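Here's the structure we're looking at; comments come further down.
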Amino acid sequence: QGCKLVGCGSALPSLQITNEDLSKVVDTSDEWIYARTGIRKRRVLSGEESLTTIAGEAAKKALEMAKVHPDDIDLILMCTSTPDDLFGSAPQIQQQLGCTKNPWCYDITAACSGFVSGLLSAACHIRGGGFQNVLVIGADALSRYVDWTDRGTCILFGDAAGAVVVQACNIEEDGLFGFDVHSDGSGVRHLNAGIKVDESNNAFDSNGSLRGFPPKKSSYSCIQMKGKEVFRFAVRCVPQTIESALEKAGLPVSSIDWLLLHQANQRIIDAAATRLEIPSEKVISNLADYGNTSAASIPLALDEAVRSGMVKPGQTIAAAGFGAGLTWGSAIVRW
Ligand code: ACO
């Protein structure tokens, strides 16, 4: 059983925040942010906008391109670390799309590696589970968890949603192969947005008594990141995972038409491309306009590249995600 991508879509919040805007909130400048990251602006959710709304929009566009009716989807995977509902967002997308046959759906939490995890899960469900049409959405709203007084992190992130439809096909047409995925929990100290595991966040104290009345609500911390450590990790692990994925696919680096990395920092993207000896003309980047949109960055950049005619049918893309966990992984994809 093969599987291939048959459609993509993306959606963005309406509010745009430029580096100039940020320099009025924290001590920073457009020059510093652009030189260190390659980012000029980002979109963030505002007013009544929700993650589910933009994720649903992205999904609708992907289904339209794929010419797949909502009732023909048999699985929805919502890759997000910032769901509108702690119990999961995927069923809300299903409802928004108007799927009347109650397809299975669930969320995948793997931060900036979420979309690659979603692609791998879709491929496994199709190859081993008999699924036909799997909708994979990457969507995040990290603006909700950013400390807007911390200039080391608040300049990096934006909100967005992207989606693809993965469809079962003959093995000869297979377009999703060569997965390579990893995680290293010891790296959580470098990047996290955790809940403090102590009495202050548990409803009951160690004697079994309910603490206070009304009991205190638990809360997640803002994003805590040691930027230099994450930078080093990414520059080391991303080329390695792409090389491993290519080896598993039995393809040389020269067979890659496009390198599509999680959009975190232009310097990470450039360093990985240099290490892999992939020329800059083959590197997809839209970081300047949207910043780091976590699980959304790969499908958002793919959608823009496909709709602008940059990525053409039959071309091979090496995609890699990396981030909190720490997690990292790649997939070789034929568009
Ligand atoms: N504006 C101006 N100055 C700043 C800013 C800012 N926004 N932020 C930090 N600085 C200052 C620092 O205070 C420091 O000053 P000092 O030398 O006087 O102490 C100086 O600039 C250098 O700071 P560094 O943190 O060392 O800068 P660095 O070159 O490492 O760049 C950055 C920081 C951009 C965060 C970089 O480390 C990076 O991109 N790391 C990777 C982050 C990433 O990719 N995360 C992906 C995963 S996200 C996820 O999974 C959710």
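Each reported figure results from applying straightforward, stated rules to the coordinates on display, with no laboratory input. Every value quoted in this text rests on a predicted model; they were computed, and no experiment measured them. In this analysis, Cβ positions are derived from the backbone assuming ideal geometry, glycine residues included, and neighbour counts consider all displayed protein chains.
Just a few scattered comments:
- On the basis of the beta-carbon distance and an R0 of 51 Å, GLN315 and PHE204 show a calculated FRET efficiency of 0.35.
- Dimensionless Rg ratio for segment 1-84, taking C-alpha atoms and the 2.2 N^0.38 Å reference: 1.48
- Selected from GLN315, GLN240, GLN94 as most flexible by GNM, with the chain as the system and alpha-carbon contacts under 10 Å: GLN315
- Based on C-alpha pairs under 8 angstrom that are at least 6 apart in sequence, segment 86-138 has a relative contact order of 26 percent.
- Point-charge dipole on Cβ atoms (K/R +1, D/E -1) for the chain, about Cα centre, debye to 20: 360
- Whether segment 261-322 is rounded, prolate or oblate, judged on the alpha carbon gyration tensor where a/c under 1.5 counts as rounded: oblate
- Value of relative contact order over the chain, rounded to a whole percent, pairs C-alpha under 8 Å and six or more apart: 26
- Of the residues GLY129, VAL68, THR100, the one whose Cα sits farthest toward the positive end of the charge dipole of segment 51-190, with +1 on the Cβ of Lys and Arg and -1 on the Cβ of Asp and Glu, is THR100.
- Cβ-Cβ FRET estimate between TYR220 and ASN102, R0 fixed at 30 Å, reported to 0.05: 0.45
- Difference of contour (0.36 nm per residue) and Cα-Cα distance, LYS282 to LYS24: 89.3 nm
- Each residue, ARG151 and ASP270, gets one label point 7 Å from its Cα in the Cβ direction; the gap between the two is 2.2 nm.
- Cleavage-rule hits (trypsin sites (Lys or Arg not before Pro)) in segment 1-39: DSSP loop, at most 11 neighbouring Cβ within 10 angstrom: LYS24
- FRET efficiency estimate (nearest 0.05) - Cβ-Cβ, ARG236 to TYR34, R0 22 angstrom: 0.35
- Within a Gaussian network of the chain (alpha carbon springs, distance under 10 Å), most fluctuating of SER50, SER219, SER209: SER209
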